[in-house]
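Undergrad: Before anything else, here's the structure in question.
No value in this document is a laboratory result; all are computed from the given coordinates. All of these numbers come straight from a predicted model, not from anything done at the bench. Backbone-built Cβ (ideal geometry, glycine too); neighbour counts: all protein chains shown.
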Amino acid sequence: MEYEYDETYGYLTALRNKSATGEEFASFEYTYDLDGLVERVDLEDGSYIPHDYHTVI
């Protein structure tokens, strides 16, 4: 497994799973908003998972 981090804030920006031969079989790339919250996760197949945070009043 390989990890990539944002150099300024230290946020995880990517996670890559590889086989013993080095072939990537799953990857996740993270996008953050200005508050440092995950906005979406991009998957290796081009799809993505949006994240939505609700404010409790």
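Undergrad: List pairs: first in the stretch 1-12 and touching a residue at least 24 places away in the same chain (Cβ under 8 Å), second assigned to a loop (DSSP other than H, G, I, E, B), Cβ under 9 Å, 6+ apart or cross-chain?
TA: Qualifying pairs under 9 Å: Tyr9/Gly36; Tyr11/Gly36.
Undergrad: Then there is this: Just checking: which of the strands (runs of 3 or more DSSP E) contained wholly in the stretch 12-52 hold 1 or more residues that are under 11 Å from Glu2 (Cβ atoms)? Can you show your working first?
TA: Working: elements: 12-18, 24-32, 38-43, 48-50.
Counting at least 1 such residues, we get 12-18, 24-32.
Undergrad: Quick one: Ala20 ticks every box in (1) of a type in the set (Gly, Ala, Ser); (2) loosely packed, with under 14 Cβ neighbours inside 10 Å; (3) within 15 Å of the chain's Cα centre (by Cα) bar one, so which box is it?
TA: All conditions are met except number (3).
Undergrad: Right, here's the next one. Considering the stretch 1-17 alone, what residues qualify as being surrounded by 10 or more Cβ atoms within 10 Å (Cβ to Cβ) and either touching a His at 6+ places or on another chain (Cβ under 7 Å) or among the acidic types (Asp, Glu) (or both)? Full working, then the answer.
TA: Of the residues in the stretch 1-17, the ones surrounded by 10 or more Cβ atoms within 10 Å (Cβ to Cβ) are 2, 4-6, 11-17.
Those that are surrounded by 10 or more Cβ atoms within 10 Å (Cβ to Cβ) and either touching a His at 6+ places or on another chain (Cβ under 7 Å) or among the acidic types (Asp, Glu) (or both): Glu2, Glu4, Asp6.
Undergrad: Just the residues that are within 14 Å of the chain's Cα centre (by Cα) and within 23 Å of Tyr53 (Cα to Cα), please, taken from the stretch 1-17. Working first, answer last.
TA: Here is the first cut: in the stretch 1-17, the residues within 14 Å of the chain's Cα centre (by Cα) are 1-6, 10-17.
Within the stretch 1-17, Tyr5, Asp6, Gly10, Tyr11, Leu12, Thr13, Ala14, Leu15 meet the criteria.
Undergrad: In addition: Where residues in the stretch 23-57 are among the charged types (D, E, K, R) and surrounded by fewer than 14 Cβ atoms within 10 Å (Cβ to Cβ), which of them is farthest from Thr13 (Cα to Cα)?
TA: At the first step, the residues of the stretch 23-57 found to be among the charged types (D, E, K, R) are 23-24, 29, 33, 35, 39-40, 42, 44-45, 52.
Then keep just the ones that are surrounded by fewer than 14 Cβ atoms within 10 Å (Cβ to Cβ); that gives 23-24, 33, 35, 44-45, 52.
Values: Glu23: 20, Glu24: 16, Asp33: 12, Asp35: 15, Glu44: 14, Asp45: 17, Asp52: 18 Å.
It comes out as Glu23.
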